[in-house]
Amino acid sequence: MSLYEFDGKRPQVPVDSFVHPDAVLTGDVKIGHECLIAPGVSIRADFGPVVIGNRSNVQDNSVIHVYPDSRVIIEEDVTVAHGVILHDAHIKSRCVIGIGAIVLFNVVCEEDVFVSVSSIVPKGMHIPAGKIVAGNPAKITYDVTDDQKIMAKAGIDYYRELCKKYIATMKAIG
Ligand SMILES: CC(C)(COP(=O)(O)OP(=O)(O)OC[C@H]1O[C@@H](n2cnc3c(N)ncnc32)[C@H](O)[C@@H]1OP(=O)(O)O)[C@@H](O)C(=O)NCCC(=O)NCCS
């Protein structure tokens with residue numbers, strides 16, 4: 001793993017979570033249980049803390065950073081898909097942040113929010129629970145359906161299994 005102490009603070013990763021060796025975690029990062037952090041992810045907690053809750057996953061090439069006196073909180077059972085940028089956001093449980101989305105300063109996503117693929121969520125937006133947002137700037141479009149919530153949960157379960165499999169079987173071979 002590429003874990004770096006910074007200013008006396010070290011990333012904390014429990015043994016039942018998987019951080020790919022090509023992810024870089026710096027400073028005050030706290031990862032929960034059964035999380036998967038994919039290759040190319042950068043979590044840079046130098047100005048402030050980044051906390052990621054149990055069973056959440058952060059997929060390839062996503063970038064998480066914090067401004068001074070701020071923080072990023074990702075609660076439990078959250079999917080952060082490929083190529084997402086999160087800055088000073090608070091993402092509550094069971095949200096799905098779609099591929100390539102950008103979530104800006106002091107955004108709060110309440111529970112079960114879906115941010116559509118490639119959307120840009122403007123600074124300070126507070127998204128109520130169970131809403132879909134889309135576009136640039138992102139606007140509320142629809143309610144998340146029960147089927148979509150089931151699909152999000154299935155995604156979390158797939159990633160929990162993947163996490164176990166990576167811990168058990170992944171080897172560098174060259
Ligand atoms: C949020 C989401 C689930 C909604 O899916 P859906 O219900 O099938 O919705 P659609 O794709 O049909 O889009 C619904 C509306 O939002 C609009 N929309 C969707 N994404 C948009 C975007 N990025 N910007 C602007 N409008 C967008 C669509 O044009 C459509 O508009 P309409 O109702 O006027 O026709 C889906 O858009 C999405 O982003 N899923 C996340 C996928 C992902 O990244 N998963 C993680 C993989 S690891």
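The values are calculated or read from the model by the stated rules, or taken from the named source; none is laboratory data. It should be emphasised that the depicted structure is a prediction, and the values quoted were computed from it without experimental measurement. As a convention, Cβ positions derive from the backbone with ideal geometry for all residues, glycine included, and neighbour counts pool all protein chains shown.
Some observations on this one:
- Residues that are in contact with a Gly (Cβ under 8 Å, 6 or more places away or on another chain), part of a loop (DSSP other than H, G, I, E, B) and under 17 Å from Arg94 (Cα atoms), drawn from segment 117-144: Val117, Val144
- Among the candidates His82, His90, the residue that is within 9 Å of the ligand (Cβ to nearest atom) and surrounded by 15 or more Cβ atoms within 10 Å (Cβ to Cβ) is uniquely His82.
- In segment 123-138, the qualifying residues are those that are in contact with a strand residue (DSSP E or B) (Cβ under 6 Å, 6 or more places away or on another chain), within 13 Å of Cys109 (Cβ to Cβ) and among the aliphatic types (A, V, I, L, M), and the one that is farthest from the ligand (Cβ to nearest atom) is Ile127.
- Asp77 vs. criteria modelled with pLDDT of 95 or more, of a type in the set (Asp, Glu), under 15 Å from the mean Cα position of the chain (by Cα) and within 24 Å of Glu34 (Cα to Cα): yes
- Test: residue in segment 101-118 that is closer than 20 Å to Ile43 by Cβ, within 17 Å of the chain's Cα centre (by Cα), within 16 Å of the ligand (Cβ to nearest atom) and surrounded by fewer than 19 Cβ atoms within 10 Å (Cβ to Cβ): yes
- Just one residue in the set Asp69, Asp147 is surrounded by fewer than 21 Cβ atoms within 10 Å (Cβ to Cβ) and in a loop (DSSP other than H, G, I, E, B); that residue is Asp69.
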